[in-house]
Amino acid sequence: MVSVTINGTPRTGRGTSAAKADRNAGNIPCVMYGGGESLHFTVSPDEVRDIVYTGEFKLANLVVGNKSFRCILKEIQYHPVTDVIRHIDFLNLSDGNTIKVSVPIRFEGTAPGVRAGGKFVQKQRSVKIKTKPENLVDEMKVDISKLKLGQSLRVRDIAPMEGVEIVNPGALPIATITIPRGLKISAEDEEA
């Protein structure tokens, strides 16, 4: 699993005015909670770029002062107009404690339905899983090599992994092979 090192600076003040002063200085106010403690700190926008602006799931190796923590990104708050990051929440990973995270879906193989002229349509980009930090995965792989024209894959079709439970409903479609109009018309002509 890919890990990104983030260097933070402990915050001296808390509250709205202190957070506003941190933002005016060009920093992002952050909080790390979990494991029985919470830690307030700031980071520069460059420090979190590799973990925020990516479609991959990554762990954060958070270094604040002389302490290091293994965390995941839990929530990001953006400015409603400018989309500038206003606040970030991190969750400290403690072995044995169950966590819920969203991880991306990766499709493997080539669908026979695509070779037959169909179009592959991805309905979901990620699934929510429940697991312990020691069983944490960075993606869920799905084999599409048996997907024919008009067929769909659902959450229940994802191969189970030990220690990982998928929280999404099993009937939720994640991918489908649509039949183009041209193929539908030619099939109707053959029937006639």
Restricting to segment 128-158, name every residue that is in contact (Cβ under 8 Å) with a residue 40 or more places away in the chain, assigned to a strand (DSSP E or B) and in contact with an Asp or Glu (Cβ under 6 Å, 6 or more places away or on another chain).
none
Only one of these is under 24 Å from G34 (Cα atoms) and not assigned by TED's automatic domain parsing to the domain that holds V52: I179, I166, I76. Name it.
I166
Only residues that are surrounded by fewer than 13 Cβ atoms within 10 Å (Cβ to Cβ) and either on the phi < 0 side of the Ramachandran plot or free of Cβ contacts under 8 Å to residues at least 12 places away in the same chain (or both): list them for segment 78-101, please.
Y78, H79, P80, V81, T82, D83, V84, D95, N97, T98, K100
State whether one or more residues within segment 53-68 are of a type in the set (F, W, Y) and within 19 Å of P104 (Cβ to Cβ).
yes
If we keep just the residues of segment 110-127 that are of a type outside the set (G, A, S) and not in a loop (DSSP other than H, G, I, E, B), which is nearest to V167 (Cα to Cα)?
V127
Can V114 be described as β-branched (V, I, T) and in the same structural domain as T9 (by TED's automatic domain parsing)?
no
Any residue in segment 1-8 that is without any contact (Cβ under 8 Å) to a residue 24 or more places away in the chain and either in a strand (DSSP E or B) or in the same structural domain as G150 (by TED's automatic domain parsing) (or both)?
no
Would it be correct to say that N66 is under 21 Å from I99 (Cα atoms) and among the polar types (S, T, N, Q)?
no
Suppose we filter segment 23-50 for residues that are among the aliphatic types (A, V, I, L, M) and touching a Pro at 6+ places or on another chain (Cβ under 7 Å); how many remain?
1
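The values are calculated or read from the model by the stated rules, or taken from the named source; none is laboratory data. All of these numbers come straight from a predicted model, not from anything done at the bench. Reconstructed Cβ throughout: ideal geometry from the backbone, glycine too, with neighbour counts over all protein chains shown.
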